[in-house]
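Colleague: Starting off with a structure, shown below.
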Amino acid sequence: MTNSTHTYTQDSRNDDILININGELVHRSQAVVSVFDSGFILGDGIWEGLRVHRGRIPFLGRHLKRLWEGAKALDLNIGLTQDDMAQRLYDTLQANHMEDHVHIRLMVSRGIKSTPYQDPAVTISPPTIVIIPEYKSPDPTLNDRGVRLYTVYVRRGYADVQDPRINSHSKLNCIFGCIQAAKAGYDEALMLDPHGHVATCNSTHFFIVREGEVWTSSGDYCLDGITRRNVIDLCKANGIPVFEKNFSVMQAYSADEAFVTGTFAGLTPVVDIDGRVIGSGQRGAMVDRLQELYGRLIDSECQ
């Protein structure tokens with residue numbers, strides 16, 4: 001990674017983690033799924049990224065609600081209740097003796113197929129459910145350095161093409177954006193909607209600050225991120241004007257501050273977009289305030 005929002009500190013403890021595959025714990029070196037799995041063959045599945053703080057998974061209910069909504073849209077029966085899934089997550093953490101500074105990738109695919117073909121009717125197994133917990137802490141220098149964004153040609157599309165609200169395994173448009181930004185020497189892609197308005201980034205959500213107001217996209221062409229929604233709610237609860245609206249890249253260039261949000265790193269300042277320095281080129285007062293409020297929210301959630 002160049003210097004993305006997902007840059008993390010390497011941890012040797014990850015060499016021996018236990019990964020949960022369909023309820024069974026296996027060593028990282030032996031964790032495999034079938035080459036006939038729907039997720040591998042077609043990207044037919046959904047996923048969630050989760051954080052662990054003080055032994056708890058913040059906002060787990062919201063994450064599972066979003067996972068189940070995605071499964072419903074894909075006509076995929078996960079085969080567990082949300083309580084069952086929560087228990088499986090915590091069992092995996094307990095087996096790994098994990099309490100803090102942990103990131104979990106929860107993945108659900110449609111299951112194993114009898115032949116490589118897209119029709120769900122040729123699926124011959126229950127869904128494949130994989131839980132990968134890793135010790136991951138965001139790069140501690142990232143909050144001061146900030147990230148640089150590059151506006152890419154790949155757009156976030158209409159819901160009747162591929163609904164961007166579904167957190168699916170099919171992420172090629174985001175991967176194309178990520179590649180273009182990296183080739184240009186930037187950290188992450190800024191993606192527009194079909195009308196040319198700012199939509200989101202390839203792996204985070206985007207906000208700007210203008211004259212004391214916090215702006216983010218309309219939300220029509222992006223995943224309703226858990227951290228994104230928490231930041232919007234924090235602004236409303238603390239008297240900070242916040243708007244979900246259409247705005248252009250030009251308006252982002254002249255913002256006083258900008259930042260991105262995500263489950264892994266929380267809030268991360270943006271210092272450059274397409275070679276334009278944003279504000280002072282450093283983390284600003286609004287980001288400082290929102291980071292403090294978000295930290296309190298996490299602590300409260302994990303009491």
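Colleague: Can you list the strands (runs of 3 or more DSSP E) found entirely within the stretch 1-75 that contain at least 1 residues being at positive phi and among the aromatic types (Phe, Trp, Tyr)? Give the steps one after another, and end with the answer.
Modeller: On the way: elements: 18-21, 24-27, 45-52.
In the stretch 1-75, no matching strands (runs of 3 or more DSSP E) lie anywhere.
Colleague: Condition first: among the hydrophobic types (A, V, I, L, M, F, W, C) and in contact with a helix residue (DSSP H, G or I) (Cβ under 6 Å, 6 or more places away or on another chain). Can you find one or more residues in the stretch 149-160 that meet it? Lay out the reasoning, then the answer.
Modeller: Here is the first cut: in the stretch 149-160, the residues among the hydrophobic types (A, V, I, L, M, F, W, C) are 149, 152, 154, 159.
Of the ones still in play, those that are also in contact with a helix residue (DSSP H, G or I) (Cβ under 6 Å, 6 or more places away or on another chain) are 152, 154.
For the stretch 149-160, residues among the hydrophobic types (A, V, I, L, M, F, W, C) and in contact with a helix residue (DSSP H, G or I) (Cβ under 6 Å, 6 or more places away or on another chain): present.
Colleague: Right, here's the next one. Of all residues in the stretch 119-145, count the ones that are surrounded by 15 or more Cβ atoms within 10 Å (Cβ to Cβ), at pLDDT below 95, more than 18 Å from the chain's Cα centre (by Cα) and in a loop (DSSP other than H, G, I, E, B).
Modeller: 0
Colleague: Filter the stretch 233-252 down to residues that are out of contact with any Gly (no Cβ under 9 Å at 6 or more places or on another chain), crowded, with 16+ Cβ neighbours inside 10 Å and aliphatic (A, V, I, L, M) and give me whichever is farthest from Gly279 (Cα to Cα).
Modeller: Across the stretch 233-252, the extreme among qualifying residues is Leu234.
Colleague: Tell me which of these Leu297 doesn't satisfy, since it passes every other one: (1) touching a strand residue (DSSP E or B) at 6+ places or on another chain (Cβ under 9 Å); (2) buried (at least 16 other Cβ atoms within 10 Å of the Cβ).
Modeller: (1)
Colleague: Now for a separate question. Quick one: in the stretch 16-46, which of the residues that are within 20 Å of Trp68 (Cα to Cα) and of a type in the set (S, T, N, Q) is surrounded by the fewest Cβ atoms within 10 Å (Cβ to Cβ)?
Modeller: Asn22
Colleague: Looking at this structure, is Ala255 more than 17 Å from the chain's Cα centre (by Cα), buried (at least 16 other Cβ atoms within 10 Å of the Cβ) and more than 25 Å from Leu67 (Cα to Cα)?
Modeller: Yes; evaluated as a whole, the condition is true for this residue.
Colleague: Look through the stretch 50-72, keep the residues that are in contact with an Asp or Glu (Cβ under 8 Å, 6 or more places away or on another chain) and basic (Lys, Arg), and return whichever of them is surrounded by the most Cβ atoms within 10 Å (Cβ to Cβ).
Modeller: Arg66
Colleague: Might you let me know whether the stretch 96-113 holds any residue that is farther than 24 Å from Ile298 by Cβ and surrounded by fewer than 16 Cβ atoms within 10 Å (Cβ to Cβ)?
Modeller: no
Colleague: If I go through the stretch 258-294 residue by residue, how many of them are of a type outside the set (A, V, I, L, M, F, W, C) and more than 20 Å from the chain's Cα centre (by Cα)? Full working, then the answer.
Modeller: Let us first name the residues in the stretch 258-294 that are of a type outside the set (A, V, I, L, M, F, W, C), namely 261-263, 266, 268-269, 272, 274-276, 279-284, 288-289, 291-292, 294.
Next, from what is left, pick out any that are more than 20 Å from the chain's Cα centre (by Cα): 272, 274-276, 279-284, 288-289, 292.
Selection size over the stretch 258-294: 13.
Colleague: Can you name the residue in the stretch 55-84 that is free of Cβ contacts under 8 Å to residues at least 40 places away in the same chain and hydrophobic (A, V, I, L, M, F, W, C) and, of all such residues, is farthest from Thr128 (Cα to Cα)?
Modeller: Leu60
Colleague: Can you tell me which residue within the stretch 185-199, out of those that are of a type outside the set (D, E, K, R) and under 17 Å from Thr5 (Cα atoms), is surrounded by the fewest Cβ atoms within 10 Å (Cβ to Cβ)? Walk me through how you get there before you give the answer.
Modeller: From the stretch 185-199, those of a type outside the set (D, E, K, R) are 185-186, 189-192, 194-199; that's our starting set.
Of the ones still in play, those that are also under 17 Å from Thr5 (Cα atoms) are 185-186, 189-191.
Values: Gly185: 10, Tyr186: 24, Ala189: 27, Leu190: 26, Met191: 29.
By that ranking, first place goes to Gly185.
Colleague: For Asp91, which of the numbered conditions (1) surrounded by fewer than 16 Cβ atoms within 10 Å (Cβ to Cβ); (2) without any contact (Cβ under 8 Å) to a residue 60 or more places away in the chain fails to hold?
Modeller: Tallying (1) surrounded by fewer than 16 Cβ atoms within 10 Å (Cβ to Cβ); (2) without any contact (Cβ under 8 Å) to a residue 60 or more places away in the chain, Asp91 fails exactly one: (2).
Colleague: Name the single residue that is surrounded by the fewest Cβ atoms within 10 Å (Cβ to Cβ) among those in the stretch 4-15 being in contact (Cβ under 8 Å) with a residue 12 or more places away in the chain and within 30 Å of Val270 (Cα to Cα). Lay out the reasoning, then the answer.
Modeller: First, the residues of the stretch 4-15 that are in contact (Cβ under 8 Å) with a residue 12 or more places away in the chain: 4-9, 11, 13-15.
Next cut, within 30 Å of Val270 (Cα to Cα) only: 4-9, 11, 14.
On the way: Ser4: 25, Thr5: 26, His6: 19, Thr7: 18, Tyr8: 19, Thr9: 12, Asp11: 14, Asn14: 15.
That would be Thr9.
The values are calculated or read from the model by the stated rules, or taken from the named source; none is laboratory data. Remember, predicted model here, so these are calculated numbers, not experimental data. Counting neighbours? That spans all protein chains shown, and the Cβs are built from the backbone with ideal geometry, glycine included.
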